[in-house]
There are 2 protein chains.
Amino acid sequence: MMIGIVNEKVALMAKDNTASSRTVNKDSLPRNIVWILLACLPVCLAWYHRDILGLSIGLSILSYVASDAMIKGVAPMLAEAGRAGTDLNKVGRPKIPESLGVVVGTVFLVTIFLFLPFPFMSWFLETGSKDSLEFPFQRLGEYTAALLSICSMLFLGFADDVLNLKWRHKVVLPAIATLPLLILYRVTFGVTNVVVPIQFRAQLGPIFDLGVFYYLYMAAVAIFCTHSINILAGVNGVEVGQSLVICASLIIHSVIGIFSGIVAVKDHCFFALYILLPFFAVSLALFKSNWYPAKVFVGDTYCYFAGMTFAVVGILGHFSKTLMLFFLPQIFNFLFSVPQLFGLIPCPRHRLPRLGPDGKLHPSEVSFDYHGLSALGQVSVELCIALGLVKEISKCEHDYKHGREMVVTNFTLLNFLLVKLGPLHEDHLAMALLLFQSLCCTSGFFIRYHISSYFFPPS
Amino acid sequence: MMIGIVNEKVALMAKDNTASSRTVNKDSLPRNIVWILLACLPVCLAWYHRDILGLSIGLSILSYVASDAMIKGVAPMLAEAGRAGTDLNKVGRPKIPESLGVVVGTVFLVTIFLFLPFPFMSWFLETGSKDSLEFPFQRLGEYTAALLSICSMLFLGFADDVLNLKWRHKVVLPAIATLPLLILYRVTFGVTNVVVPIQFRAQLGPIFDLGVFYYLYMAAVAIFCTHSINILAGVNGVEVGQSLVICASLIIHSVIGIFSGIVAVKDHCFFALYILLPFFAVSLALFKSNWYPAKVFVGDTYCYFAGMTFAVVGILGHFSKTLMLFFLPQIFNFLFSVPQLFGLIPCPRHRLPRLGPDGKLHPSEVSFDYHGLSALGQVSVELCIALGLVKEISKCEHDYKHGREMVVTNFTLLNFLLVKLGPLHEDHLAMALLLFQSLCCTSGFFIRYHISSYFFPPS
């Protein structure tokens, strides 16, 4: 029944998918102003009740409205400036505006800038003008360091969109941008111990100090988060969709933390919420325009921005290990991509699924000379075929025609889903991926709150 | 004699000014590595002696070398990405890479990120891992807030280069980006009093509290600094040149502050120095490529970045009033431009001087119907002509030919210099402006350290 409805919707969309419907309609200014005024209401209410969380929610609603309006306004400007990309999986390969992450990123930054004075309101209202002794500088430092890392990645992402930076720069810069965060972690929390699972305590003791390796781990988390969303991409709505699911999971995790009753945990979880709520709001606005059939592309800008936001929240919220549980699809996609990313198997310029003549997406393929691969490359191919991760396509036929050429599907999560589920419409594939992401996040919660007690019993 | 040498140089340059000499030569990688290794020497020495100022100087030298190498590497990438602008004042109007501010801005940010742990080194070395009570969070907050404002403006500048943003966004965003700085100012220093000149103390008392207006003033300083360098532009080397002169003046002012012996002033001046030294270094590298005949353009990116760096140093260094003394040419240029910027007199798209057939720059002109102007517009024109700020060109002739059309030179400092000095070669005009900037900065010091004692006698 549901599939029937969805199919109908797709048919309608396909019918509607003309050039005119794919351009962004510019809303009239008065309508936007009415929306923004309406969204101001919760802000004023929360302000009146001195409710910081309420204010954060209100500002987030406002940032959703502002993002939605600005995406429509700025998209044509981006296209005019040459920032337009080809939607490869549509008939006619239309050009649509790119790098819209720059808009939602700016709205996000402005929202947090405007929100910034309020967590310190009680200090401003209670103390005199020259008494700076009790001000929570540590908390303000956390906000500014978090925003600094996010802003740096927004800048790097936009530079990458415009310039196509080299991989060596893209890997080093997120780690450098995390330095202020790591300094803050060092001087506020400074814990580099990991609790040893009960099964290994006889050998390692109850606690194992990773020391400087813990900081390297956190820098690696920042690099991984920044890039992992960017490599699980290529289908309308997938980049923002997965970010929304991860963000929702982190919001739930923070709310659980707030109700845990431990004061320090509560503080960190409120900090995480104040960052995550506006992020969710601006991403939702972008999702609306980026979902199939996409009117805009998000660009590297959004992917870097989203990844660094999660890394920042994970590091300063002191739950970088839980964060990784919500990144399971990205970790799987990265590990699965390793043979191609590191050159063991040839990597074509685009690995995203290709549009078939039936209007559905099929897994894209890579062809190579099997015997020309290194031993490690050959093992990777055989292993992935044996595990059913990639599908071997007409080896014999090609053997007969072109000697020893081998054709397999590309090593990405999206192609894997198509191998398992068969050819899918673009929006169905995106839905399948978001469902997979949701399942993984649910498993993440299960691991965090149930299975972990098997390894780390509550003392 | 000097003019003779300069003229010879210009003649040589003009002869050499072929298409091939104007492209950026890509240095060989090994040569760059040798330079970078050489520049690492002072860093290692300072590190060995635990000398933070020495380390800042060493890192600044390194950032100069890195910027110089990266400008050469990234310029062709920017041109390929469509970021190339027309050099209007050259024969043949060549296209050269634009927005190189993005490169030096990134190098600056990376330099400060890498430098960031060192001012806190004594804390890391002295205290245990969990003792976070004594850590100078306030100081770290100042660095992160400063970098956040600078990074935001770098991002805004690059977005403006690519997108040509609207003026209403460009005015509001710097003020919002200054919010973390203003919060920090409020909670650390919080002084909103101004000392009343001795001549007015009978009426106003010795001290006058500006209250919230002081914060509005500081936000206005940030907006003004961000844009004022951008509107005093249009000739090779002028944007970076004026920034270098202002930066040098601020460095001298900070060094004077360090030798003042007052501990609080000393701290702020060291903070200012650690920001200004790498800024000077990366700007110098950009100046090398941007000086006549320019191989690259700096873009709005650099102008916003430079302006916000000065604003940040002025606000957190607690010398925003002295800062304004070094911005006298920019203040003059802004006030002088007001009639055109605010539409009292028509404002053509480009107001930069135009190249004459003699190879020299001549003041550009604007023509309008004098009697069609508002009363305020007419007064502005008459006043500027009477003061000799603009030159009236063939009013009678035009009157005779085209009715009441009036032609005057455009209302900018560069055109004013050409009106006073006569047509000049492009590099001579840039030198004249830098000389004017240096004279104004010298006067700034004179006002700050001599004349001010007439109004504010030392108690």
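Which of the residues belonging to segment B:319-355 are assigned to a loop (DSSP other than H, G, I, E, B), on the phi < 0 side of the Ramachandran plot and open to solvent by 10 Å² or more (accessible area, probe 1.4 Å)?
Initial filter on segment B:319-355 (assigned to a loop (DSSP other than H, G, I, E, B)): B:319, B:327, B:342-353.
Those left that are additionally on the phi < 0 side of the Ramachandran plot: B:319, B:327, B:342, B:344-353.
Across segment B:319-355, the qualifying residues are B:Phe319, B:Phe342, B:Leu344, B:Pro346, B:Cys347, B:Pro348, B:Arg349, B:His350, B:Arg351, B:Leu352.
Just the residues that are under 19 Å from A:Thr309 (Cα atoms) and among the aliphatic types (A, V, I, L, M), please, taken from segment A:248-264. It would help to see each step written out before you state the result.
First pass over segment A:248-264, keeping only residues under 19 Å from A:Thr309 (Cα atoms): A:248-255, A:257.
Of everything in segment A:248-264, those that are under 19 Å from A:Thr309 (Cα atoms) and among the aliphatic types (A, V, I, L, M) turn out to be A:Ala248, A:Leu250, A:Ile251, A:Ile252, A:Val255.
For segment B:133-145, which residues satisfy the criterion of being open to solvent by 10 Å² or more (accessible area, probe 1.4 Å), touching a residue at least 40 places away in the same chain (Cβ under 8 Å) and at the interface with another protein chain (Cβ under 7 Å from one of its Cβ atoms)?
B:Gln138
Go through A:Leu100, A:Leu109, A:Leu125 for me and flag whichever is of a type outside the set (Phe, Trp, Tyr), more than 10 Å from chain B (Cβ to nearest Cβ) and without any contact (Cβ under 8 Å) to a residue 60 or more places away in the chain.
Values: A:Leu100 fails: without any contact (Cβ under 8 Å) to a residue 60 or more places away in the chain; A:Leu109 fails: more than 10 Å from chain B (Cβ to nearest Cβ).
When all the criteria are applied, what remains is A:Leu125.
Look at segment A:157-190 and say how many of its residues are farther than 16 Å from A:Ile231 by Cα, in contact with a Lys or Arg (Cβ under 8 Å, 6 or more places away or on another chain) and either open to solvent by 30 Å² or more (accessible area, probe 1.4 Å) or more than 8 Å from chain B (Cβ to nearest Cβ) (or both).
0
Scanning for something within 11 Å of chain B (Cβ to nearest Cβ) and within 19 Å of B:Gly82 (Cα to Cα), does segment A:82-95 turn up at least one residue?
The initial filter retains those residues of segment A:82-95 that are within 11 Å of chain B (Cβ to nearest Cβ), namely A:82-83.
Retained after the next criterion (residues that are within 19 Å of B:Gly82 (Cα to Cα)): A:82-83.
Yes, there is a match, as at least one residue in segment A:82-95 is within 11 Å of chain B (Cβ to nearest Cβ) and within 19 Å of B:Gly82 (Cα to Cα).
Here is a list: A:Phe310, A:Phe326, A:Phe332. Which entry is within 17 Å of A:Phe155 (Cα to Cα) and either modelled with pLDDT of 95 or more or within 13 Å of the chain's Cα centre (by Cα) (or both)? Reasoning before the result, please.
Numbers: A:Phe326 fails: within 17 Å of A:Phe155 (Cα to Cα); A:Phe332 fails: within 17 Å of A:Phe155 (Cα to Cα).
Every option except A:Phe310 fails the conditions.
From (1) over 20 Å from A:Gly141 (Cβ atoms); (2) assigned to a helix (DSSP H, G or I); (3) within 14 Å of chain A (Cβ to nearest Cβ), pick out the condition that doesn't hold for B:Asn230.
Answer for B:Asn230: the failing condition is (3).
Go through (1) more than 14 Å from every other protein chain (Cβ to nearest Cβ); (2) aromatic (Phe, Trp, Tyr); (3) closer than 28 Å to A:Ala145 by Cβ one by one and return the number of the condition B:Tyr48 breaks.
It is condition (3) that B:Tyr48 fails.
Quick check on my filter: what residues within segment B:217-237 are over 16 Å from B:Met308 (Cα atoms) and aliphatic (A, V, I, L, M)?
B:Ala233, B:Val235 - these are the residues of segment B:217-237 that are over 16 Å from B:Met308 (Cα atoms) and aliphatic (A, V, I, L, M).
For (1) hydrophobic (A, V, I, L, M, F, W, C); (2) within 26 Å of B:Arg351 (Cβ to Cβ); (3) surrounded by fewer than 17 Cβ atoms within 10 Å (Cβ to Cβ), each residue gets a yes or a no:
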residue: B:Ile36; (1), (2), (3): yes, no, yes
residue: B:Cys40; (1), (2), (3): yes, no, yes
residue: B:Tyr48; (1), (2), (3): no, no, yes
residue: B:Ile57; (1), (2), (3): yes, no, no
residue: B:Leu78; (1), (2), (3): yes, yes, no
residue: B:Ser99; (1), (2), (3): no, yes, no
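Out of curiosity, is A:Lys288 touching a residue at least 40 places away in the same chain (Cβ under 8 Å), in a loop (DSSP other than H, G, I, E, B) and either of a type in the set (D, E, K, R) or open to solvent by 50 Å² or more (accessible area, probe 1.4 Å) (or both)?
Working: touching a residue at least 40 places away in the same chain (Cβ under 8 Å): yes; in a loop (DSSP other than H, G, I, E, B): no; either of a type in the set (D, E, K, R) or open to solvent by 50 Å² or more (accessible area, probe 1.4 Å) (or both): yes.
So A:Lys288 does not fit the description; no.
Out of segment B:188-211, which residues are touching a residue at least 12 places away in the same chain (Cβ under 8 Å) and assigned to a helix (DSSP H, G or I)?
Of everything in segment B:188-211, those that are touching a residue at least 12 places away in the same chain (Cβ under 8 Å) and assigned to a helix (DSSP H, G or I) turn out to be B:Thr188, B:Ile198, B:Gln199.
Right, B:Ser60: on the phi < 0 side of the Ramachandran plot and either modelled with pLDDT of 95 or more or within 8 Å of chain A (Cβ to nearest Cβ) (or both) or not?
Values: on the phi < 0 side of the Ramachandran plot: yes; either modelled with pLDDT of 95 or more or within 8 Å of chain A (Cβ to nearest Cβ) (or both): no.
Judged against the criteria, B:Ser60 is not a match.
Does segment A:162-171 contain any residue that is closer than 23 Å to A:Phe279 by Cβ and free of Cβ contacts under 8 Å to residues at least 60 places away in the same chain?
yes
Starting from segment A:212-224, keep only residues that are assigned to a helix (DSSP H, G or I), then list their pairs with residues that are aromatic (Phe, Trp, Tyr) whose Cβ atoms are within a distance under 8 Å, requiring at least 6 positions of separation or different chains.
Short answer, once both residue conditions are applied: A:Tyr215/A:Tyr185; A:Met218/A:Tyr185; A:Phe224/A:Phe327; A:Phe224/A:Phe334.
Given the conditions (1) under 18 Å from A:Phe310 (Cβ atoms); (2) more than 7 Å from chain B (Cβ to nearest Cβ), and given that A:Leu148 satisfies all but one, which numbered condition is not satisfied?
For A:Leu148, the exception is condition (2).
Within segment B:424-457, count every residue that is out of contact with any strand residue (DSSP E or B) (no Cβ under 6 Å at 6 or more places or on another chain) and acidic (Asp, Glu).
Result for segment B:424-457: 1.
Identify all residues within segment A:151-200 that are modelled with pLDDT under 85 and on the phi > 0 side of the Ramachandran plot; write none if there are none.
Hit for segment A:151-200 is A:Gly190, nothing else.
Have a look at B:Leu439, B:Leu417 and point out the one that is modelled with pLDDT of 95 or more and either open to solvent by 60 Å² or more (accessible area, probe 1.4 Å) or not in a helix (DSSP H, G or I) (or both). Quick ask: steps written out before the conclusion?
On the way: B:Leu417 fails: either open to solvent by 60 Å² or more (accessible area, probe 1.4 Å) or not in a helix (DSSP H, G or I) (or both).
Only one candidate qualifies: B:Leu439.
The values are calculated or read from the model by the stated rules, or taken from the named source; none is laboratory data. Please read all numbers here as calculations on a predicted model, not as lab measurements. We place every Cβ from the backbone using ideal geometry, glycine too, and count neighbours over all the protein chains shown. Areas reflect the complete protein model, heavy atoms only, side chains present, ligands, DNA and RNA absent. Shrake-Rupley method; radii C 1.70, N 1.55, O 1.52, S 1.80 Å.
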